[in-house]
Each structure stands twice: as C-alpha cells, then as structure tokens.
1. Evaluate peptide B:85-93: per residue, the Cβ atoms of other protein chains within 10 Å of its Cβ; return the mean as an integer.
2. Helix-only estimate, please: 222 nm mean residue ellipticity of chain B, summing -39500 (n - 2.57) across DSSP H runs of length 4 or more and dividing by its residues, to the nearest 500.
3. Give, in nm to one decimal, the length gained when the segment between B:Leu248 and B:Arg301 is fully stretched (0.36 nm per residue of separation minus the Cα-Cα distance).
4. What is the mean number of Cβ atoms from other protein chains located within 10 Å of the Cβ atom of each residue in peptide A:100-112, rounded to a whole number?
5. Leaving out same-chain residues fewer than 8 places away, which lysines sit with a Cα under 16 Å from that of B:Lys18?
6. Above 34 Å lies some portion of the pair distances; for the protein assembly as shown, what is it as a whole percent of all C-alpha pairs?
7. Just how many % of Cα pairs in the stretch A:246-373 lie over 26 Å apart, if you round to the nearest whole percent?
8. Under a 5 Å amide H to amide H cut-off, with H placed in plane at 1.01 Å, what residues pair with A:Val176 once short-range neighbours are removed?
Protein chains: 2
Amino acid sequence: MRPSAQYTESVTTVDTAKPTLSEVARRAGVGRSSAARVLGNYGSVSAHTRERVLAAARELGYETNELARSMSTGVTMTLGVVVADIANPFFAGVLRGIADAAREAGYGTVLVNTDEDEAREDEAVRLLMGKQVDGIVIAPAGGAAADPNPLRTAQLRGVPIVQIDRTLAGLEADAVVMDNRHAARDATELLIAAGHRRIALVWGPARLGRQTVTPSSLERWATTTELTSVGERFLGYRAALDAADLELDPAIVMTGEQSIAGVRAFVRTVLATPRPPTAFIATELDAVIGVLEEVHAAGLRVPADMSIVGFDDSPWASVFDPPITTVRQPVQRLGEHAARRLIERISGAGGEPFVDHLASELIDRGSIAAPRG
Amino acid sequence: MRPSAQYTESVTTVDTAKPTLSEVARRAGVGRSSAARVLGNYGSVSAHTRERVLAAARELGYETNELARSMSTGVTMTLGVVVADIANPFFAGVLRGIADAAREAGYGTVLVNTDEDEAREDEAVRLLMGKQVDGIVIAPAGGAAADPNPLRTAQLRGVPIVQIDRTLAGLEADAVVMDNRHAARDATELLIAAGHRRIALVWGPARLGRQTVTPSSLERWATTTELTSVGERFLGYRAALDAADLELDPAIVMTGEQSIAGVRAFVRTVLATPRPPTAFIATELDAVIGVLEEVHAAGLRVPADMSIVGFDDSPWASVFDPPITTVRQPVQRLGEHAARRLIERISGAGGEPFVDHLASELIDRGSIAAPRG
DNA sequence: CTGTTAGCGCCTTCAA
DNA sequence: TTGAAGGCGCTAACAG
C-alpha cells in the first residue's frame, strides 16, 4: 500500500482539474501562506509543515500557476522574440541561441514572425507587451513607423530591448550584430588577392536605387547610426576596393529586387555585358543560390570561369563540387549574446546602450581561382 | 495644438508606467466595468461612453494586460510548442507553419527545445503547463518516461495535445505526420525502376541493432501504434523491395549512430565491401550530407557511378551538380495542420484522436541513373 | 446601459 | 514560524 493510498479518493476527484495552492494547503492542513512559502520557497517554515505541504503537493500533482505568480510579482520570466522569418536558417539559428540562453537563466521564449512587415512588427511588439514579457529581442524591420511607435513605447514602459542583426537609427537600445563590414571586406580582399578586378556584389543596398554612387551618398551610409547587414556588407566591399585602388562600378552592384528572381535577372544581365565580372560576392543565402543557378545555366565553371564567395554557410556548401567558400556566421552565438544582454538589462544592468559586434569566419574552400586570362 | 494637448501633463506622468483599465476609466469619467466593456468589446455601451473611453485609452497608450485577462478568463490564447531543435530546417519550417496558423486564429506561440532529451521534454511540458498554455504541439522524444508523465497529466488536466512528426505508443492524442512510408517506398521504387538491385538505406532504425532482420522483428515495427519517421521510412523501403522480390540485406541498412559521423563510417564500410550498393537512400538531411561527402571522397560520380535519393529538400539540392533527387516534405503545412487541429480541440471539437498523414513529393532531378554494367 | 461586487491564484505585508 | 487580509488587473454576474 503506497503512502498516499489513503487519499486515493480525493486524488481521483481533484486530479482532473488543476490543483491550486489553496487546495494543497487545505490537504496539508496548513494556511495558504505557509503552503505558498514552501512551494515558492521563500520565507521560512518548519521542517514539519514543509514536508506535509510537499507531500500534499505531490499527491495532487500540484504545479504552480505561473500566470498567477506573474500577476502578483509583476515578472513573467519570459522573453519576446520578433524576427522576420523563423524558417530562414539564419534566424532559426539565432532563435536557438536565444532559447538556450534564456532557458539557462530560467526564462521562457515567445516568438512572433513578421516577414519584414512593419505593421506586423508593430502588432507583434504590442502583442508581446500585452503578454507582459520582461524584455524583447528584435530584428527591427523598418524605421519607426507609427508615431507612438510600439517599440519606443515599450522602452518608455521600462521593457528592455535588444536589437539583433540590424539597428534602428533613433532607437537607444543595445544591439548584437555580425561584423558584416569586416566580413565583406575580407571576402572582397580574398578575391582581389586572387587577382580579380571586376567583382560583382549580389545583393547590395536596395536604397542605392538607380542613382550613381557618389561620395556623399556613400557618406550617408557610412555615418548613419543605422546598421543593416546589406549596407554594412556594401561598405566592406567598397572599403576593400578602395584600399586596392579599384573603382567601384555601380553596374555590377545589384540594387534591384532582393529575391532569388531578382538575383537571377541581375546575374544574367551582368554576364551578358561586354565586360562581365570575374567574381561574385553573394551576401545572402538566396543570393548564393541565385548566382549558382545562373552561373551554371550560363555554362560557366566554378572556379575556373567564375569565382564565388557566399554568406550564410551551410553543410551543403562543403559537399558542393567545388566546395563553396563562404562566410560562416556564429548565428547561435548571436542569439545567446542577445538573450544574455537582455537578461542583464532586465536584472537592472545600467549603462549606455552598446553594440556588440560578432566576428564571422571566412571559410576558404574551393570556389575561388585566378580570373581567366 | 493637438487634441490631447490639454492632457499633456498627466500623460507624461503616467506614460512611463503601464496604464491600467482603472486609470482609463477614471480619466474617461466612467466606471471600471464600462471601460472594461469597450476595451474588451463585449456587452453594450452607449456611443458616448465608448468614445470617451477610447479617447482616454488612446491618450494613455493603454494596452490590455493579457495576463490579467487570462487570469480571469482561464484562457491564455497561447500554444506551447515542444521540438527537438529549432535550428533544424525541418522543425524551423514546422514552427513557421504553427506560428502562422496560430497567429491567424489569434493565438501566440511559446517555444521550447529539447534536443530529443526525455528529461528536458518532461521539463518543457511542465513549464508550458505552468504558463497555462491552452494546448501543446509536440514532437515527442521518447516513451513516457516518469510514471506521472507530464504529457499524460496535461491531458488529464484537459489540455489538448497534438503530436507532430512522430507518435507515442500509449498516447491517445491527435497526430500530424508525414506519410513517410509511402515517401520511402516511392523513392525506393524509383531506384528499382532505374535498374538498381542493391540499394542502401541511410539511416534506418537504430533499434534494429545488430540483430538480423527477422520477419517477427519486422512485424513489431509494422504493427506498433508508434510512428517514427525512421521506422516508417524503413518499412516503406522494405515494402518496395518486397514488391519487387528483392531481398533485404541488413548489411546495407545503417543501424548505427545516427549522425553525420555515423553515416560517413557506414558509407565507407559499405563501399569497401565486395558487393557495394549501387544506390543510396538518405532519409535525413545529415544522411544526405554524409553520403555526398563519402561518395565524393571515394571518387565516385553521381549519378554515373552512384545513384542517390535524399529526404529534406533544400534550395541547395537543386543547384547541385547534378541536382539531387529528393523527397520534399510540406513542413510548413504540417505545422499549420497541427496548429489548426489543436485549436479545434481547444475550441471543444470532440471525436476520437486521429492521425493526419501528409503526402510528400518526390522531386526527380538528376541524381539517379541506371547502375553501372 | 451602467456601476457595484466578487473572484481568478498567487505573493506579501502585518499581526499573532 | 504561522495565519489572516489585501492586492495585482481583469472579467463576470448582479442589481439598479
């Protein structure tokens, strides 16, 4: 006969609903607050009551209602995460890092996708605020859209925010980003070192539009406090060209629609040119795929006829023939840093907002060779 | 002068904290319940009060506290999701589907990773229950570990559960899975049709261990109510062989450590055999990568020397040279189905638990050819 | 249509 | 050490 057998009847009765602290207290024959003290372990209780309460809790299968707890403590132990698309390996890795670091610190994670849509992003932040998350990790999509911007409001309300992957111009919040500028510069320099002089960038900043790249338009890019992966990669690319005294030819910097289709169109156009590039830097997964497709379709061989460097490493890149040289980004680490930073802020860490730059790694495989003739 | 200018002072005062329904009511000069009625839009209120309340809410930047709402309604409008690893493209896609379908129905999503660890899974379920989620989507890792299994307890407590990707033997809950058996059978038949007679399966069920595959051991697999992707794929493979009167050779069914390293070891061993297989079916992303690596390392050409069919399609597979024939699984759809089903159950839908099988698509590209002479 | 009165389950003074 | 009482912000019956 098991110790709890005597209670069997009431157990079966109660078992079907969620037992509350009061029920545990009653069954243990103690006051609610005593039960609360041992179940929430705080305050002090006699060894005797503690055991009685614990036993009662076990028998009832008691599980504390975090909602109620949050209600009275004002803390939910929950982090909100807002990203464009969790199906994108980049964000998936980041989320993994966030979730792990959060869990380690006892925090849960609620997720919202926005597809880079500002309205949905605002909605997402509002939702998270409604759920009373303790902090928010966000890859901000656009500028502050509405005037009473939910993100800023959240800050005002005292909810810490950590930006990832990008940075908003007017938002005074911590950020964890890749060191995209360096990564792109390294990639470009690797190609230059191999002898390339005409290196196409796929894709570059969409905003460049059709306008010629002037020193002043570039200056804007260089001096804004806003960080975008595309913008930074462009600047790194440019810096490398500058350092090598190579001219930046806007014709081989993709500025159109940022999609696989856009990439394919751009690559096809550029290859049909009198002076086609001898190498491509593909700054996104989709860019890599698009370039690979079109280069292949054009009957060019990598790296003999065309050199390629990609971003967003994948196991596939290494089994490719030839293995593709890529920039590997510590996505998971980025997520961990962001979560840890956020939790520090939640815990009251002060100080100016700062940007955490994570170095990525250039994995030199076999997709670069000297340019033809 | 903007309409709210007259309130500027109090706005600034209050703006820094989260305004409550009471404050809105006070400022609007109405009772709490009236404010509650318009903000929660239920009951009926005069147009006049409604406007006053709305105005006050806007001025204060009021946002309803979902926690408190949940507290009194007993509903959180939140789905819990438990998966092995969100960084895995399969689960990432599934999660995307879940999140989308959930959002559409007004539900939020909280995520927990388990790394296929049963203890962490139990912990995860408990956590979700603590957060009072309305339902749980789970890719169950193992058998019901502890006796008071959290998952079963959750069910007892009235929280609906939908299993995805796999199925637990004793769990009476809905499930949404891929039709792995058919997919594997189709893949195998495609190879057989191309003339292959020795087709290796990478990987197969780990449990097969070193034991010989006997009719009875197979029967167990076939009759259990437990569904695993590996097991089902193995059965599909076997069914295709049976139908073609081909013998199943355990030597070319991988049963070891399910990892890239395990795959490489297996492939190397099998290739060194007197009668190596002429084709590989790789049932996981990692299996595909491992096979590709080793086949390449062995100097074999695809598909001339070796045919390959993979699972878990990827953009990379199509830009590969040759493009890899793969089984594409509607991962996102799987997530959507699971979430919808779960929400139906939450909304009170009755009926026996049932299993929803999703068909996957065999994308025939270029990695299959007739076996060498 | 409106305000009053109770809770939801927990934490937290405050006396005892 | 322990219990009683009040409150977190909201919804929900209940009168008026």
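Coordinate-derived values only; no laboratory data. The structure presented is a predicted model; accordingly, all values stated were derived computationally and were not measured. Note that each Cβ is placed from the backbone with ideal geometry, even for glycine, and that neighbours are counted across all protein chains shown.
1. On the way: counts 3, 12, 13, 3, 5, 0, 4, 10, 3.
Mean partner-chain Cβ count within 10 Å for B:85-93: 6.
2. -13500 deg cm²/dmol
3. On the way: separation 53, 0.36 × 53 = 19.08 nm, distance 2.52 nm.
Stretched fully, the B:Leu248-B:Arg301 segment lengthens by 16.6 nm.
4. On the way: counts 4, 0, 2, 6, 0, 0, 1, 0, 9, 6, 6, 11, 5.
That average works out to 4.
5. The qualifying lysines are A:Lys131.
6. Values: 157818 of 277885 pairs.
Within the protein assembly as shown, distances greater than 34 Å cover 57 percent of Cα pairs.
7. On the way: 2870 of 8128 pairs.
Pairs farther apart than 26 Å: 35 percent.
8. Sorted by chain and number, the residues that satisfy this are A:Gln163, A:Ile164, A:Asp165, A:Asp356.
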